[in-house]
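One structure is given below, encoded as structure tokens.
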Amino acid sequence: MDVSEPRRTADVPTLLVKIFGKDRPGITAGLFDTLAAYSVDVIDIEQVVTRGRIVLCALVAAPPGGAAAEGDLRATVHSWADSVRLQAEIISGTGDNRPRGSGRSHVTVLGNPLTAKSTSAIAAGITASGGNIDRIFRLAKYPVTAVEFAVSGVGTEALRTTLAPTGASLGVDVAVVSAGLHRRAQRLVVMDVDSTLIQDEVIELFAAHAGCEAEVAEVTARAMRGELDFEESLHARVALLAGLDASVVDKVRADVRLTPGARTLIRTLKRLGYQVGVVSGGFTQVTDALQERLGLDFASANTLEIVDGRLTGRVVGEIVDRAGKARLLRRFAAEAGVPLAQTVAIGDGANDLDMLNAAGLGVAFNAKPVVREAAHTAVNVPFLDTVLYLLGITREEVEAADGEGGESGESGDPSGGGESPESAEMPESPTSGGTPEALGAPEGGRSRESGGSRYQDA
């Protein structure tokens, strides 16, 4: 065939050959070996295997020789299928698949569990918005079920507007992002720290050493809900720390617990060539240690003033507040050479809102209601690495990369799938029996019990 003039299939008689049954090696080769005897051209192929059952579809041009040749092909394919204990269906038609509609999006749904009711509602919402589901596949089965719908025929924003309230009412997380090459481009991910990258509020850890934890926690909660000006509340809380010995900084670093999945998220993103940063209304005394420990590209936070070995109750330098976080996102993007549209921001509090809205994709992670409602999408499971699924990265790809990189871990997954350690690790609770993963903990190989299953920290 002259490659300068590709064959047009719009009016060509075609056959859709469907094979289904118990999967075993050699089925695909066997089908196409059978078809090869009729000199047919292959137009499209799709194959999926679910719990050991295969569905193989081949769209081929009708064989030369007219109806007699087609009848012989049909008989031969059915005979081959019977011989390997499979079923076959052959449907006549014309041309290729119909073109996909304009406006293409990826709809990622996270459920724990993902129920038939919620799946039905999401699918109905796509249809109601004018979209068509072109493909569905699973991204992860553990620690949450994550599936992705490839949708065409409706704009991303319109689809997001339709599906967001549906997901919220059903208790599933739904993310809608535009399809296209940009999804595979180099990107920048910037995270909040307190209650996002880590499980703690750092200022409350300091306050525990100063004996004013309850008072500081109340002010922090009001600020994160957007009820108080952040800078004013920051100064008020830091003032309560005046006089603390500077040695408290090391104790706080040791108390900090990474959010389950944090290391897996960062490790995977870095392997993919992403740049990763943090911005925090907390303190450089902790974020600098996080940057070094996790290999972060960027980090910025407020700085506690220390004079003569004691905290003064003041912060020095430019305040990192709500507007400051968005400003830093833009600065990091410029330094990284990444367009703002290619950035991802993750946060939980009201002071993250400007950053979430400025980013190409803003993810509210276990966030306050005001933040969930304003962000592009929300994740409400306690595993930070589930954000990878929103980027189209599958759990199998994460595990394969960990295997190649020599990472090891144990999982409660009965299939023995080698789950990432942080994802398997449950947040500490009074009954979990777990030991929190501290910033100051030694690297590598600390196993622990949690919820009846044994896990290995990365």
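Worth pointing out:
- The sole residue among VAL320, VAL315 that is of a type outside the set (Asp, Glu), under 23 Å from MET224 (Cα atoms) and in contact with a Gly (Cβ under 6 Å, 6 or more places away or on another chain) is VAL320.
- Lone qualifier among ARG327, ARG293, ARG314 - being open to solvent by 40 Å² or more (accessible area, probe 1.4 Å), closer than 30 Å to ALA242 by Cα and touching a His at 6+ places or on another chain (Cβ under 9 Å): ARG314
- Among the candidates ASP402, ASP385, ASP413, residue that is at pLDDT 85 or above and open to solvent by 10 Å² or more (accessible area, probe 1.4 Å): ASP402
- GLY111 being crowded, with 19+ Cβ neighbours inside 10 Å, over 27 Å from GLN342 (Cβ atoms) and either among the charged types (D, E, K, R) or in contact (Cβ under 8 Å) with a residue 40 or more places away in the chain (or both): yes
- Restricting attention to the range 33-69 and to residues that are touching a residue at least 24 places away in the same chain (Cβ under 8 Å), open to solvent by less than 60 Å² (accessible area, probe 1.4 Å) and out of contact with any strand residue (DSSP E or B) (no Cβ under 7 Å at 6 or more places or on another chain), the residue that is nearest to PHE137 (Cα to Cα) turns out to be THR34.
- Any hit, the range 276-289, residues being in contact with a strand residue (DSSP E or B) (Cβ under 6 Å, 6 or more places away or on another chain), surrounded by 15 or more Cβ atoms within 10 Å (Cβ to Cβ), closer than 26 Å to VAL370 by Cβ and aromatic (Phe, Trp, Tyr): yes
- Helices (runs of 4 or more DSSP H) fully within the range 119-236 that include at least 2 residues being open to solvent by 20 Å² or more (accessible area, probe 1.4 Å), of a type in the set (Asp, Glu) and free of Cβ contacts under 8 Å to residues at least 12 places away in the same chain: 213-224.
- Exclusive hit being touching a residue at least 40 places away in the same chain (Cβ under 8 Å) and farther than 12 Å from MET191 by Cβ, set ALA262, ALA350: ALA350
The values are calculated or read from the model by the stated rules, or taken from the named source; none is laboratory data. Values in this document were obtained by computation on a predicted structure and should not be read as measured data. Neighbour counts are summed over all protein chains in view; Cβ atoms, including those assigned to glycine, are modelled from backbone coordinates with ideal geometry. For the accessible areas, the whole protein counts, side chains as well, though only heavy atoms, and no ligand, DNA or RNA atoms are used. Shrake-Rupley method; radii C 1.70, N 1.55, O 1.52, S 1.80 Å.
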